[in-house]
Amino acid sequence: MAQVKKAIKYVYYFGGGKADGNESMKNLLGGKGANLAEMAGHPNLRLPVPPGFTITTEVCTAYYKNKKKYPAELQGQVQSALAAVEKEMAKKFGDASNPLLVSVRSGARRSMPGMMETVLDIGLNEKTILGVIQQSGDERFAYDAYRRLIMMYADVVMEKAGGIEPKNGKGIRKVLDEKLEKVKSKQGYQFDTDIKVPELKALVKDFKATVLKVLGKPFPDDPYEQLWGSVGAVFGSWSGKRAIEYRRIEKIPDEWGTAVTVQAMVFGNMGDTSATGVAFTRNPGTGENKFYGEYLLNAQGEDVVAGIRTPAPVNDYSKNDQSKHLPSLEETMPEIYKQLFEIQNRLERHYKDMQDIEFTIEKGKLFMLQCRVGKRNGIAAVKVASDMYNEKLIDAKTAIMRVAPNQLVELLLPMLDPEVQKVTKPVAKGLPAGPGGAKGRVVFSSADAVEWAGKGEKVILVREETSPEDVDGMHKAQAILTTKGGMTSHAALVARGWGKCCIVGCADIEIHSETKSFKANDGTYIKEGDWLSLDGTRGLVYTGSMALVDIDLDDNAAYRNLMKLVNKERTMKVRTNAETPEDAKQALKFGAEGIGLFRTEHMFYGEGSEQPLSLLRKMILSKTEGERRQALKELYVFVKKDIKATMEVMNGYPVTIRLLDPPLHEFVPHDVAKLHELSKELHISMNMLRRRVLALHENNPMLGHRGVRLGVSYPEITEMQVRAILEAAAELTKAGKKVLPEIMVPVTCTVNELSHQKVIVDRVYREVCEKMKVKKIPYLYGTMIEIPRAALRADHMAEVADFFSFGTNDLTQMSFGFSRDDIGGFLPQYMDLKVLNDDPFQTIDQAGVGELVRIGVDRGRSTKPNLKVGICGEHGGDPESVKFFHRTGMNYVSCSPFRVPIALLAAAQAAIEFGKGK
Ligand code: PEP
Ligand code: MG
């Protein structure tokens, strides 16, 4: 017996309280189609949605596979769905006396705003227009719809989808638009709505003739030809240039395809009892639980988007400076407003998230045209999540997952006024190294930054790159802009640590130091003292002084509420990288649970560093061990004071203090004037000084005499630091404070280095206990894992180390062989060409560097099952990386104070997504 092949369903109907599909079918029906089906057919909703049907994404895929041919069954299925729409609307497509008009719209799984095509008013021709006039009693409306159809159809279907290249770059839409504008200016009309019937009639005639002349084909009169032409054009727009480019950026697979929704037209432009609008169930700017929206009387959806007329507020709450004089929908159509209010309420309860809705009112009757999850900024995201949890609409886990960790940045820092940004063009773009917004007058040296700031000026420091010598100026500046360097360059690292706005690797500008000026690629010329505004969150540079908006976290009850949930959910701890009591306090306020990296060398940079830096230089340039020990003895006082102050603030939380890491030459000045000063200060001849400085020179300092290698060459340096740490700890303990210092050895590659340093630590420990008359000082001894070999030999390293902290900055540098300070030269190109998808210094490279981390954790714990493991590279504040570290079973991540909230949230999300730890 012949098998009856079950026909594939390609067309899904919705309308009249029923729907073939629902919200869960986004992959098949696209976001728009699935939500229309849900709104129309779900028993909780059954909203007034104009009837229609959705042609599935499978048709799109098949269409492309079969050389742009539709599956054979499609025509019949469309025909019967159209018949159902006709029945529901009691109108007939193509009928002369009672015609149905439809729209054809695209809808992918994920919204691709503005990337694909739409055609409205399909079904209008010389015959049906008479029916429309009769039914609507509005000739003006009918001809207005007709001229819109011709314009849209000629543009979308005949020209773009037909592959016609516009002559001199001027498309048919523009040609027709100019004709419309000509009529308006001739008659002195301000708005399209001012155009009278005879003029519209003439325009329609003119449009048709122009289409024939320009495109070589007549505008089709047959409604079915219009319908299928439009469906084909929407499918065609999936492989339009814009859409392909957008998918590449948003990583949307080409195979997904778009759905096409054909829907009965309803009209917001049928006079003053008609309107169209867009609204949000809550305020998307603040998150406040208030219905918020705008509408236009006597208009079609595209008029709201085009922004020609100022939309009116739906209610008092939605009024703004531009719209406050306009009557609200609540005032003009109170009954409709009541109905709309009730519907938006129902939609939000149903979807359990803030919705963005589109509606149309046709002659006093409300229709819902679209709903989708509403986009919101960081402040609103936190407020909505926290409120919805309080309202018992969502549970704690859902609330936590609703906020993207990076959105929290917006709560922590001032930012450029988004309204001003919307209408301003940036002059250059670089890497977004330090988030938030800032404005100031341009200076080109650290010294100028200090001087100008001293006079009360707000400045932005613009440099090719920065070095530790610039720290003072960087600190005084509102923001830092560099033309070179990557996300872990000196400028980026320092700025992020301070929560300062910073853009690095901005190759769009070229600095001319002789004239104290820079020129941007777009020709903009900026000289010292000119105003500049930076958006460090997105890496955008603007000229002039833009407004900033400030946010205070302490007043943010929603944030506090959300963080309470976060802290209950997460299993991984979050520490901070900090070296001063101020930073430590800030981090504690943000919820840090310890210091994961105290970089000792910090005390030699910036404000108040003159004395310790001079002693350090003395130590570095000493010739004998005796001289060195003398200098160290004096330096010790400063080191101890610094460590003690921070440890005291941390009050019982662990504080990981790293022994001196940078190559010594970094602390020695290189310009002649400074060398002269130093020679006087240290009583060394210039010749001798030059020789000693030269001896410190290295060709490849990052791989040179640094980290533990210094401690092996000069054990007295380690000794001094360990003494300072243990004495500070003993003194604080005696004073009744709780402390837990963790002594960390940097840049190790073999356990022998650790053993070598441990002998020193053990000896000093005994000496300090004796001196301070205490039996015990709590401390741990551990190492950074930042050389690939150390990760591979982690089982051996763990024989001596009590803890590991992964230094993923150096580990990335040494795994990739990319210098962390020089990637600006090639990384942007690597990303453009997709040689690399992400900056590995920003997001951990899970496949390579991540594998070393896994190996390190596992091998370390194979020796010591309870080995404490954390990470203190910049990746500790990157949400994706934090989630990865959670999966490796780390005890904590450590990041700059301003990234602590982000890491806390990411850790909670990881626990929800991947289970509670390994
Ligand atoms: C690292 O290498 O990841 C690290 C934290 O150390 P630094 O950035 O100071 O080299
Ligand atoms: Mg390092």
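Here, each number is a calculation from the coordinates, and none is a lab measurement. For clarity, every value in this text was computed on a predicted model and none was experimentally measured. Cβ sites come from the backbone with ideal geometry, for glycine too, and all protein chains shown count toward neighbours.
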Label points 7 Å out from Cα along the Cβ direction at residue 560 and residue 127: separation in nm? 7.2
Expected vector for the range 200-211, Karplus 3J(HN,Hα) from phi with 6.51, -1.76, 1.60 and θ = phi - 60°, integer Hz, x for Gly and Pro, equals 5, 4, 5, 5, 4, 5, 4, 4, 4, 5, 5, 4
Expected unfolding gain across residue 332-residue 185 under the 0.36 nm per residue rule, minus the alpha-carbon gap, is 49.8 nm
Selected from 576, 715, 423, residue furthest toward positive end of dipole (the chain; charges at beta carbon): 715
Over the range 851-918, what is the relative contact order in whole percent, taking alpha-carbon pairs under 8 Å and six or more residues apart? 32
FRET E, pair residue 568, residue 789, Förster distance 41 Å, beta-carbon r, rounded to 0.05: 0.55
List the pairs from 476/585; 633/680; 241/519; 127/205; 383/589 whose alpha-carbon separation is above 23 Å, in the order I gave them. 241/519
Please work out the FRET efficiency for the pair residue 733 and residue 629, using the Cβ-Cβ distance as r and a Förster radius of 30 Å; give the result to the nearest 0.05. 0.65
Once the dipole of the range 132-282 is set up from charges on Cβ (+1 Lys and Arg, -1 Asp and Glu), the residue from the list 266, 234, 203 lying farthest towards its positive end is 203
Residue 691 versus residue 178: modelled label distance in nm, points set 7 Å from Cα along the beta carbon direction: 8.1
I need the P(r) histogram for the range 20-177: all alpha carbon pairs, bin width 10 Å from 0 out to the longest distance, whole percents. 10, 29, 37, 22, 2, 0
Set 641/737; 425/527; 32/179, cut-off 22 Å on Cα-Cα distance; pairs above it are 32/179
May I ask you to evaluate 6.51 cos²θ - 1.76 cosθ + 1.60, the Karplus curve with θ = phi - 60°, for each residue of the range 751-763 and list the ³J(HN,Hα) values in order in whole Hz, giving x for glycine and proline? 5, 4, 5, 5, 5, 4, 6, 5, 4, 5, 4, 4, 5
Once amide hydrogens are built 1.01 Å from N within the peptide plane, the residues lying 5 or more places from residue 548 or on another chain with amide H under 5 Å from its amide H are 417
Given charges at beta-carbon only (K, R positive; D, E negative), |dipole| of the range 42-94 in Debye: 200
Kindly list the residues of the range 110-154 that lie in the label zone of residue 205, defined by a backbone N under 14 Å from the point 7 Å along the Cα-to-C-beta vector. none
With -39,500 (n - 2.57) per DSSP H segment of 4 or more residues and division by the full residue count of the chain, the 222 nm estimate, nearest 500 deg cm²/dmol, is -13500 deg cm²/dmol
Cβ-derived FRET efficiency at R0 60 Å, residue 610 paired with residue 170, nearest 0.05: 0.35
Rounded, prolate or oblate: pick one for the range 392-517, where a ≥ b ≥ c are the square roots of the eigenvalues of its C-alpha gyration tensor, a/c under 1.5 means rounded, and failing that, prolate if a/b is larger than b/c, else oblate. prolate
May I ask you to order 355-361, 573-579, 584-590 by the average number of other C-beta atoms within 10 Å around their residues, highest value first? 573-579, 355-361, 584-590
Using 0.36 nm per residue, how much length does the chain from residue 424 to residue 221 gain when fully extended, once their Cα-Cα distance is taken away? 68.7 nm
C-alpha long axis of helix 223-237 to longest principal axis of the chain, angle in °: 10
Could you tell me the relative contact order of the chain? Use alpha-carbon pairs under 8 Å, at least six residues apart, and round to a whole percent. 9
For the range 361-415 the trypsin sites (Lys or Arg not before Pro) that pass both the DSSP coil test and the at-most-16 other-Cβ-within-10 Å test are 363, 375, 392
Under 1.5 on a/c is rounded, so check that first for the range 473-615, then, if it is not, pick prolate when a/b is larger than b/c and oblate when it is not; a ≥ b ≥ c are the square roots of the alpha carbon gyration tensor eigenvalues. oblate
With only Lys, Arg, Asp and Glu charged, each at its Cβ (+1 for the first two, -1 for the last two), find how big the charge dipole of the range 487-635 is about the Cα centre; round to the nearest 20 debye. 740
Lys/Arg Cβ at +1, Asp/Glu Cβ at -1, dipole of the range 258-397 taken about the Cα centre: which of 364, 275, 344 is farthest positive-ward? 344
Separation between the residue 645 and residue 319 pseudo-spin-labels, each 7 Å from Cα along Cα→Cβ, expressed in nm? 5.3
How big is the charge dipole of the chain about its Cα centre, in debye rounded to the nearest 20, if each Lys and Arg gets +1 on its Cβ and each Asp and Glu gets -1 on its Cβ? 1760
Gain on full stretching of the segment that runs from residue 709 to residue 365 - 0.36 nm per residue minus C-alpha separation: 115.9 nm
Are there any chymotrypsin sites (Phe, Trp or Tyr not before Pro) in the range 111-189 that are in a DSSP loop and have at most 16 other Cβ atoms within 10 Å? List them by number. 189
So which chymotrypsin sites (Phe, Trp or Tyr not before Pro) in the range 1-98 are both in a DSSP loop and have at most 10 other Cβ atoms within 10 Å of their Cβ? none
Anisotropy class of the chain from Cα gyration tensor, a/c 1.5 cut: prolate
